[in-house]
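Here is the structure we will look at.
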Amino acid sequence: MPGYGTPAQTPQAPDASWPPPPPATPAYADSGSGGAGAGGWGASYQQPAPKSGRGRGGLMAAVLIAALVAGGLGGGLGYTLAKDNDNGSSTTVSASDSGGDVKRDAGTVAGVAAAALPSTVTIEAESSSGEGGTGTGFVFDREGHILTNNHVVADAVDGGKLTATFPNGKKYDAEVVGHAQGYDVAVIKLKNAPGDLKPLTLGDSDKVAVGDSTIAIGAPFGLSNTVTTGIISAKNRPVASSDGTGSNASYMSALQTDASINPGNSGGPLLDAKGNVIGINSAIQSTSSGGLGGTSQSGSIGLGFAIPINQAKYVAQQLIKTGKPVYAKIGASVSLEDSTGGAKITEQGASGSDPVESGGPADKAGLKPGDVITKLDDTVIDSGPTLIGEIWTHQPGDKVKITYERDGKTNTVELTLGSREGDS
C-alpha cells in the first residue's frame, strides 16, 4: 500500500476542488496503523498485515518463560540460604497480611478508566481482498453508533468486514454508517447492538486548557484496552494526515497531547480528568519509518494529536443523519506548499479552473488570486493546510474575519462560509 508523502503536483482548493492532494512533505503518521514520516507537512499511513495468533502467542510465551525462570531461581536461592543458616536456631519475622484496601475515587485515573473502558471497542476492519488493520472507537449513543476515525474503517467501506469487540470479550459485526475523509471521522453501527450501551459523556473541547490532564484509551499495536495518561501540550495545532490510500488528505486543528499514542490508538477517546471525551486520538509525530513487515514501525515520542470533540460531534451527527459529511468553505484554491507567510490563493485552480469560485464567499468578499491570507478571526494562518484545518472547525453559515495581504498592504474582510456536501 502506498505511503503518504508523494509531493503534491498541483495545489488544489481546500473546498472548491476535492479531494486535495497530500501535503508536500510527510510529518504525521495516523495512529491507527503502521507507517511514519519525517519533517514538514503530511502523514504516512500504512495498514498492518492481519495479526497472526503466533505473534501474540509468542509474546505470552516469552513472559511465561521469564516467570518460570525467575521463580526457579528464587526458589533455589531461598533453599540455599535456609540450608546455610540451619544451625539449630530460627528467626521468625512478622509481617502484615495486607497493606489495606486501595481506594480508587471516581476522579482518579483508575476511576476514570474503570468507567470509560466498558464503552470503548477495538475495531478490526478488513477489505474484500483481505487487507486490514486494528483501531479503536467508543460508544456515541444508545442506538449502537460508534465514533472512530475514517482511516480506521477505510478498508471496510466497500464490501469489507467490520467488527467491534468490547473489553468484556463480546464481539459484534458492524457496518459503516458514514465516513468523512477530510475530517478523518467515521461512524459505524453495531449489528444486533445490546440494550445496555453507555455512551461516553462528551466534553467541551473549546474550554480545554494547555496543561489539563488527559487519559487516552486504545489498542496500541493490537493491545486492546490500553490506558495512558498525559496532559494537553498545545491547542489548535495544524495537522495533516492520510486515510491510507495515498490520495486523500485529512486536515485538523488538533489538540496535542503527550499521552502515549501508538498505531492502534486511532479512533479512541481522549478524556479529561473527569472522564469526558475531549478528542478522538488520530495521529502521531514519528521519527522513524517503516511499517509492519519492515524492520521498524513508528511509535509514540510524546507527540500525539486528537480531533477536538466539538468538531467530531458535529460531523458524527451529520453522518448519522445523511450519511455524508458537510464542509465549510471559502470558495478559493490555496497553495498547499509548506510556508510560514500565510495561505496564498493560487493563480490557477485545479484542472485550469478559476481559483476563486464565482459568486462564492471569497469572491463576494473581494479576495483575488495572489492574495495571502494571514489570519482567520484571531488565529494566525501560516500555510494552506493551516487555513483548511481552521475553516473546518467552523460550520457553514458562520461569519469569519479574513485578514490578507495584497501588494504589500494588509486588509481585513468579513465573509460567510459556504458549504459543500460529500468528499467528492
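In whole Å, what are the Cα extents of region 161-220 along the three principal axes, biggest one first?
Largest first, region 161-220 extends 40, 30, 25 Å along its Cα principal axes.
Would you mind getting the Kirkwood hydrodynamic radius of region 330-400 from its Cα pairs, rounded to one decimal in Å?
12.2 Å
Given 20 °C and 1.002 mPa s, compute D for region 128-249 with the Stokes-Einstein relation, Rh being the Kirkwood radius over Cα pairs; round to the nearest whole µm²/s.
The Stokes-Einstein estimate is 134 µm²/s.
Mind giving me the nanometre distance, one decimal, between the label points for residue 104 and residue 412, set 7 Å out from Cα along Cα→Cβ?
Modelled inter-label distance: 5.2 nm.
Suppose the chain between residue 377 and residue 198 were pulled fully straight at 0.36 nm per residue; how much longer would it get relative to their current alpha carbon spacing?
Here the segment from residue 377 to residue 198 would lengthen by 60.7 nm.
Among the lysines, select those whose C-alpha is under 26 Å from the C-alpha of residue 171, and discard any that sit fewer than 8 residues away in the same chain.
Of all the lysines, those that pass the test against residue 171 - Cα under 26 Å, at least 8 places apart if same chain - are 51, 161, 189, 191, 198, 313, 321.
Mind listing which trypsin sites (Lys or Arg not before Pro) in region 303-370 are in a DSSP loop and have 11 or fewer other Cβ atoms within 10 Å?
Sparse-neighbourhood loop trypsin sites (Lys or Arg not before Pro): none present.
Can you send over the solvent-accessible area of residue 335, 1.4 Å probe, protein chains only, in Å² to the nearest 10?
About 20 Å², ignoring ligands and nucleic acids.
Please give, to one decimal in nm, the separation of the simple spin-label points placed at residue 399 and residue 358, each 7 Å out from Cα toward the Cβ.
It is 2.8 nm.
Using C-alpha positions alone, give me the convex hull volume of region 298-424 per residue in cubic angstrom.
Convex hull volume per residue, Cα atoms: 149 Å³.
The values are calculated or read from the model by the stated rules, or taken from the named source; none is laboratory data. All values reported here derive from a predicted model rather than from experimental measurement. Methodologically, a virtual Cβ is constructed for each residue, glycine included, from the backbone with ideal geometry; neighbour enumeration extends over all protein chains shown. When the accessible area is computed, the model is the full protein with side chains, heavy atoms only, and any ligands, DNA or RNA have been set aside. Shrake-Rupley method; radii C 1.70, N 1.55, O 1.52, S 1.80 Å.
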